[in-house]
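Some notes on the structure that comes next.
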Amino acid sequence: MLASTNLICCNFAHLPQDSTKLKTSIQARNLSQQSLLLLKRTSVFLKPHSRQALTFPFHRKGVLQICRSTLNTQNSEEETSQDKGSSVDNGKEGRDWTTSILLFVLYGALMYYVFNLTPDQTPSRDMYFFKKLLNLKGDDGFRMNEVLVSLWYIMGLWPLLYSMLLLPTGRSSRNSIPAWPFLVLSCFGGAYALLPYFVLWSPPPPPVEENELKKWPLNFLESKLTAGISLGAGIGLIIYAGLANADVWREFCQYFRESKFIHITSLDFGVLSAFAPFWVYNDMTARKWYDKGFWLLPLSLVPFLGPALYLVLRPSLSELPVTVSPTSSEQK
């Protein structure tokens, strides 16, 4: 009995040690299996043959992008073309702040000179000349200076010439500032009324509807008859001034040094002549006529006659595809 008890005791004594070793070995085996499993899983991503498993999500995403791009090819091309067009417009055609600031400084300096630095030695004579040119004075036997008369009447043609250059290709679309109020004011103020629009002007111009060309004022401004009459009147006035003798020109130069009215009018003529070649170039490029009409750009430097000749020879907007509105172009 004792021996069996001892046997049983021995068995009980050795059983916990074996069980702990067994548990330890089982845990170690489980850990080793888990570590091997982890190594296998990580090795799947590390081995070269598992590259498909890694790249599959990106490959599927690329397929989705390609499908989206193939389904929306036209829309994407239109969007990219619009983005490119807007970037081109902003970079090339858009007026930057530097140009506007420089024009504003020029306008301020010009107005300061007009009001403060111009000669004003003969105010009573200036008023007399002004009334004579407006035909408010009767025939009192005084003969007006031929150069002054030519200058006065040609200043009345400049607003018409600028209206034909600015409407419609010189209109501003981004800041929605119309050109016609400045053109109307230029009939009284000349370049002093147009320069603020030059400061605020921002291309490109809005599209022109086909039916708009048949209405006032574009049907009048686009007419070759209007351009021809302007050119003919300008030629006649310049010939009238050119045929004056040397004494008449010396008298005019003396008026320029003494009279505020004549000094400001002559300066107005010079400013309008200086800006006209730019607007000729702007109108020429808007009509896609630069390749054929580039030779007119040097001639536009001739005061009044050069821009007037361009207006006679330029193609009509009704003959160009650029006049078609966006809606009609989409229908095509």
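The values are calculated or read from the model by the stated rules, or taken from the named source; none is laboratory data. Computed from a predicted structure; not experimentally measured. Cβ: placed from backbone, ideal geometry, glycine included. Neighbour counts: every protein chain shown.
Below are the figures for this structure:
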{"read-out": "Those residues of the range 284-299 which are in a loop (DSSP other than H, G, I, E, B) and over 16 Å from residue 169 (Cβ atoms), in sequence order", "value": "294, 295"}
{"read-out": "Test result for residue 331, modelled with pLDDT of 95 or more and surrounded by fewer than 17 Cβ atoms within 10 Å (Cβ to Cβ)", "value": "no"}
{"read-out": "Condition met for residue 156 (within 30 Å of residue 220 (Cα to Cα) and free of Cβ contacts under 8 Å to residues at least 60 places away in the same chain)", "value": "yes"}
{"read-out": "The lone exception for residue 160 - which of (1) surrounded by 12 or more Cβ atoms within 10 Å (Cβ to Cβ); (2) farther than 18 Å from residue 271 by Cβ; (3) at pLDDT 95 or above it fails", "value": "(2)"}
{"read-out": "Count of residues meeting criterion [surrounded by fewer than 13 Cβ atoms within 10 Å (Cβ to Cβ) and either in a helix (DSSP H, G or I) or among the small types (Gly, Ala, Ser) (or both)] in the range 113-155", "value": "9"}
{"read-out": "Test: residue in the range 205-217 that is at pLDDT below 95, in contact with a Gly (Cβ under 9 Å, 6 or more places away or on another chain), of a type in the set (Phe, Trp, Tyr) and outside any helix (DSSP H, G or I)", "value": "no"}
{"read-out": "Among (1) under 28 Å from the mean Cα position of the chain (by Cα); (2) part of a helix (DSSP H, G or I); (3) hydrophobic (A, V, I, L, M, F, W, C); (4) surrounded by 14 or more Cβ atoms within 10 Å (Cβ to Cβ), the one test that residue 302 misses", "value": "(2)"}
{"read-out": "Exclusive hit being without any contact (Cβ under 8 Å) to a residue 60 or more places away in the chain and farther than 30 Å from residue 206 by Cα, set 291, 247", "value": "247"}
{"read-out": "Filter pass, residue 270 being out of contact with any strand residue (DSSP E or B) (no Cβ under 9 Å at 6 or more places or on another chain), closer than 25 Å to residue 111 by Cα, in a helix (DSSP H, G or I) and of a type outside the set (Ser, Thr, Tyr)", "value": "yes"}
{"read-out": "Options 281, 255: the member that is modelled with pLDDT of 95 or more and closer than 18 Å to residue 160 by Cα", "value": "281"}
{"read-out": "Hey, residue 180 surrounded by fewer than 17 Cβ atoms within 10 Å (Cβ to Cβ) and under 19 Å from residue 276 (Cα atoms) or not", "value": "yes"}
{"read-out": "Single match in 167, 161, 194 (criterion: free of Cβ contacts under 8 Å to residues at least 60 places away in the same chain, within 22 Å of residue 281 (Cβ to Cβ) and either of a type outside the set (D, E, K, R) or out of contact with any Pro (no Cβ under 6 Å at 6 or more places or on another chain) (or both))", "value": "167"}
